[in-house]
Amino acid sequence: MKLGIFAKTFEGTEPLTVLNSVAGAGFTCAQYNMACSGLSPMPEIITEAQARSVAEAACESGVEIVAVSGTFNMIHPDPAVREAGLRNLATLAERCTGMSTALITLCTGTRDPIDQWKAHADNDTPEAWRDLLEAMGAAIEIAERYDVDLGIEPELANVVNSAEKAYRLIAALKSPRIKIVLDPANLFEVATLDEQRSIVSSAIDLLADRIVMAHAKDRNPDGSFATAGKGVLDYAHYLGRLEAIGFKGSLVTHGLSPSEAAGVATFLKNSLDGNLAEAGR
């Protein structure tokens, strides 16, 4: 597996500054965010030169751009907000080749009108699912036009809040453009060790052929998020299950401070090495 981090973990509005920080902390790849180019995360305009500067910085720093963030609220209660998000997604997709990447990560959204990471009771309604299918259909058309893939991430606060719902979405859309970004810390809040392992194993087994990126953060015992390696997530089990399905993609950490990055890189490297050694016995 390739070891990566969210580029926006680090300060800076110039791609080379940010990606040099990524490399300096011990990572070989990054999930990019246009904020690292001094733009909004989902800009209305990205120039060819701005895209090219990301690819040039990746080459100079030795950091591969494995994805770029394209998150917007795909089921926002205001259709105009959803339409604006799709327009900006097209802008981003058009420039992906120039940035040397072919994967855009998405958020399936929530009915909360303010915070796209906040759960809402209406997320489980047929109307929310209908709006998601409509938005994803438009997103797939964009992905086909610009030859990119779309990585969706099951998250408790979003309409796709489980591996089962992600599988249902894949089955409904019938598009090879839809991939999975798997973050086990987004699949449970508070769970026993056995429950956690069961949830993670089931998700990986169910979505195995679509997983293109794995995320790495953690949960505290009270259910709040934690830095990878500082919480209750059984990383040996998680990484072992990824190894078992032959996953060779990127393991990308986030939800940490810049000062923690090097330590997390060491933790993840040691965890991967430990799993490989165990598998070789």
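All but one of (1) crowded, with 20+ Cβ neighbours inside 10 Å; (2) within 17 Å of the chain's Cα centre (by Cα); (3) not charged (D, E, K, R) hold for TRP117; which doesn't?
Just one mismatch for TRP117, condition (1).
Restricting to the range 235-261, name every residue that is within 18 Å of the chain's Cα centre (by Cα) and basic (Lys, Arg).
LYS248
(1) within 16 Å of ASN33 (Cα to Cα); (2) of a type outside the set (D, E, K, R); (3) touching a Pro at 6+ places or on another chain (Cβ under 8 Å); (4) buried (at least 23 other Cβ atoms within 10 Å of the Cβ): which one isn't true of THR91, the others all being true?
The one condition THR91 does not meet is (4).
Give the number of residues within the range 264-279 that are among the hydrophobic types (A, V, I, L, M, F, W, C) and either at pLDDT 95 or above or crowded, with 17+ Cβ neighbours inside 10 Å (or both).
Initially, the range 264-279 is screened for residues among the hydrophobic types (A, V, I, L, M, F, W, C), giving 264-265, 267-268, 272, 276-277, 279.
Subsequent filtering for residues that are either at pLDDT 95 or above or crowded, with 17+ Cβ neighbours inside 10 Å (or both) retains 264-265, 267-268, 272.
Summing the residues that are among the hydrophobic types (A, V, I, L, M, F, W, C) and either at pLDDT 95 or above or crowded, with 17+ Cβ neighbours inside 10 Å (or both) in the range 264-279 gives 5.
So, in the range 241-255, how many residues would count as being without any contact (Cβ under 8 Å) to a residue 60 or more places away in the chain and either buried (at least 20 other Cβ atoms within 10 Å of the Cβ) or among the aromatic types (Phe, Trp, Tyr) (or both)?
Total satisfying the criteria: 1.
Given the conditions (1) buried (at least 18 other Cβ atoms within 10 Å of the Cβ); (2) farther than 17 Å from LYS217 by Cβ, report the number of the one that GLN31 does not fulfil.
Against the list (1) buried (at least 18 other Cβ atoms within 10 Å of the Cβ); (2) farther than 17 Å from LYS217 by Cβ, GLN31 comes up short only on (2).
I'm checking my understanding of the structure. Among residues of the range 152-175 that are open to solvent by 30 Å² or more (accessible area, probe 1.4 Å) and of a type in the set (A, V, I, L, M), which one is nearest to ASP122 (Cα to Cα)?
Of everything passing the filter in the range 152-175, LEU156 is nearest to ASP122 (Cα to Cα).
Could you pull out the residue among SER175, SER202 that is touching a helix residue (DSSP H, G or I) at 6+ places or on another chain (Cβ under 6 Å), without any contact (Cβ under 8 Å) to a residue 40 or more places away in the chain and among the small types (Gly, Ala, Ser)?
On the way: SER202 fails: touching a helix residue (DSSP H, G or I) at 6+ places or on another chain (Cβ under 6 Å).
One residue alone meets the criteria, SER175.
Of the residues in the range 38-59, how many are closer than 24 Å to VAL264 by Cβ and either open to solvent by 20 Å² or more (accessible area, probe 1.4 Å) or among the aromatic types (Phe, Trp, Tyr) (or both)? Steps first, answer last, please.
Filtering the range 38-59 for residues closer than 24 Å to VAL264 by Cβ gives 41, 54, 57-58.
Those left that are additionally either open to solvent by 20 Å² or more (accessible area, probe 1.4 Å) or among the aromatic types (Phe, Trp, Tyr) (or both): 41.
The number of residues fulfilling the criteria is 1.
Scan the range 67-80 for residues that are closer than 15 Å to PRO41 by Cα and open to solvent by 20 Å² or more (accessible area, probe 1.4 Å) and jot them down.
Of everything in the range 67-80, just one residue is closer than 15 Å to PRO41 by Cα and open to solvent by 20 Å² or more (accessible area, probe 1.4 Å), namely THR71.
Of everything in the range 18-56, what is β-branched (Val, Ile, Thr) and either without any contact (Cβ under 8 Å) to a residue 40 or more places away in the chain or within 19 Å of ASN88 (Cβ to Cβ) (or both)? Give them in sequence order. Steps first, answer last, please.
Narrowing the range 18-56 to residues β-branched (Val, Ile, Thr): 18, 22, 28, 45-47, 54.
Passing the criteria: VAL18, THR28, ILE45, ILE46, THR47, VAL54.
Every residue in the range 131-176 that is over 16 Å from THR71 (Cα atoms) and under 16 Å from the mean Cα position of the chain (by Cα), please.
Within the range 131-176, SER162, ALA163, ALA166 qualify.
Condition (residue is surrounded by fewer than 17 Cβ atoms within 10 Å (Cβ to Cβ) and polar (S, T, N, Q)) applied to the range 216-235: is it met by at least one residue?
There is at least one residue in the range 216-235 that is surrounded by fewer than 17 Cβ atoms within 10 Å (Cβ to Cβ) and polar (S, T, N, Q).
The values are calculated or read from the model by the stated rules, or taken from the named source; none is laboratory data. Keep in mind it's a predicted model, so treat the numbers as computed, not measured. Using ideal geometry, Cβ is built from the backbone for each residue, glycine included, and neighbour counts are taken over all protein chains shown. Side chains are part of the model used for accessible areas, which takes the heavy atoms of the whole protein and leaves out ligands, DNA and RNA. Shrake-Rupley method; radii C 1.70, N 1.55, O 1.52, S 1.80 Å.
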